[in-house]
Amino acid sequence: MLDVALLGVLLAAIAIGYGLGYRQATRRRQRAQSSAAPSQALSRDYFLGLNYLLNEQPDEAINTFINALTVNSDTVDTHIALGKLFRTRGEADKAVSIHQNLLARPAISQHTNEQIQLELARDFMALGVHDRAQRLLNTLLENSSDDHHRYAAKQLLVDLLEREKAWQQALDVIQPILKQHPPMRRPAAHWLCELALEEISEASRALAKKHLKKALQLDEKCVRATLLLSELEMDNGHYSRAIERLNNIPDQETAHIPTMLPALKRAYLRNDDEAGYEAHLYRLLDQAPYTSIIIALGQLVHHRDGVDKAIELIGERLSAAPSLGGLDYLIDLYIESQRLSGKPSPDTRLLLLKHHTDALLINRPRHRCQRCGFASDGLQWQCPSCRYWGTIKPIIGVEGE
Ligand SMILES: [Zn+2]
């Protein structure tokens, strides 16, 4: 289908080109040196393009318009914009040929040349030709003295290295500019977490710990680093230290309390301290009345004091902080209570309610990216949609926590 934005730019560009050609031809006429040939050629292509458009041949129309648009200092920005439009349309190969054609022009300034190189690197990345993009960006970083272009090149290079999972290389690129660009500290902390995971898989726990401590120095709110450090403590049998680490998470990010609950439970139960776990859950509940905490408490009371005590606790807590997940759990407890009381089968009204809560909860995402709204069931540290790190969090509210 015809891209309205692309044609809009092209038509505007041709109109400008037509005007320029006309002005040049007028000057030439005034000097009585030549006729208005460029203007005529331009107008011929312009009307040929329009003819293609009217015949619903958009590709031919676009090609004719591009041919009509000569490259000069007045139109170079339009050519760059056209390349970008082709890339966003998914036609990065056409963008490459436009940008390479521009780079071949000798009269282009150093500033514009670097701008085109950045665009070309983006084209190669869109085509998945990472090695060519990387070479182009490295050359730009070696030769450019423009801070703005250098930063743009570093951002693109880091994006590329992230896609290649070259975490250490990405850190090497960004390390020297972290002071001037504090927002880069968060992704850098996650790259250190990725490196720590690689070290853990190779049984180098000491090195993993070093990476994770560095991650927290870069970003003190890095919940992931805290979680991994607590896992390392648990692996070494240091359960109290693991709990101490986990205790920092509500201050780092309250919304991640549900994320830490499985590790908290493991640390207390391995330490044979159920009472400590219960007290900790109540403390967390005072900070944030999330469904996961209420259910964790319900499971603990259910296991220790029986189903009816759990029903009492959950009913009371849910009246203060109602949620769909909590209601579903409460219905499960009621069904079990009826079974235990010797009823041959649970109340059909309860089963109907359970059917409804199951239907409402099925396929419901539990996490959402705070930046772009991407929703998923499990937690991902890098959003697959906007590619930001640490922006996906548990969903809070009646339908979530
Ligand atoms: Zn996102």
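The values are calculated or read from the model by the stated rules, or taken from the named source; none is laboratory data. Quick caveat, the model's predicted, so the values are computed rather than measured. Cβ placement follows ideal geometry from the backbone for every residue including glycine, while neighbour counts extend to all protein chains displayed. Remember, those area values only see protein heavy atoms, side chains included, never the ligands or the DNA or RNA. Shrake-Rupley method; radii C 1.70, N 1.55, O 1.52, S 1.80 Å.
For this structure, a couple of remarks:
- Taken along the Cα-to-beta-carbon direction at a fixed 7 Å, the label points for SER240 and GLU198 span 3.6 nm.
- Figure note: ASP235, ASP358, ASP347, ASP251 ranked by solvent-accessible area, largest first, 1.4 Å probe, ligands and nucleic acids not counted: ASP251, ASP235, ASP358, ASP347.
- Accessible-area composition of region 305-401, carbon plus sulfur, in percent [1.4 Å probe]: 54
- Per-residue ³J(HN,Hα) for region 351-364, Karplus 6.51 cos²θ - 1.76 cosθ + 1.60, θ = phi - 60°, Hz, x for Gly and Pro: 5, 5, 4, 4, 4, 5, 5, 4, 5, 6, 8, 5, 6, 7
- Accessible area of TRP191 (1.4 Å probe, protein heavy atoms only, ligands and nucleic acids ignored): about 0 Å².
- Distance between the modelled labels on ARG364 and ILE395, one decimal in nanometres: 0.7 nm (7 Å Cα→Cβ projection).
- Over all pairs of different C-alpha atoms in region 187-253, the reciprocal of the mean inverse distance, the Kirkwood hydrodynamic radius, equals 11.6 Å.
- For a paramagnetic label modelled on LEU269 (point 7 Å from Cα along Cα→Cβ), amide N atoms under 13 Å away belong, within region 301-327, to 301-304.
- Accessible surface area normalised per residue over region 248-387 is 54 Å², counting heavy atoms of protein chains with a 1.4 Å rolling probe.
- Evaluating kT/(6 pi eta Rh) at 37 °C and 0.692 mPa s, with the Kirkwood radius of region 118-202 over Cα pairs in the Stokes-Einstein relation, gives 244 µm² s⁻¹.
- Heavy-atom accessible area per residue - region 69-140, 1.4 Å, Å²: 47
- Fully extending the segment from ARG339 to SER385 would add 12.0 nm, taking 0.36 nm per residue of separation and subtracting the current Cα-Cα distance.
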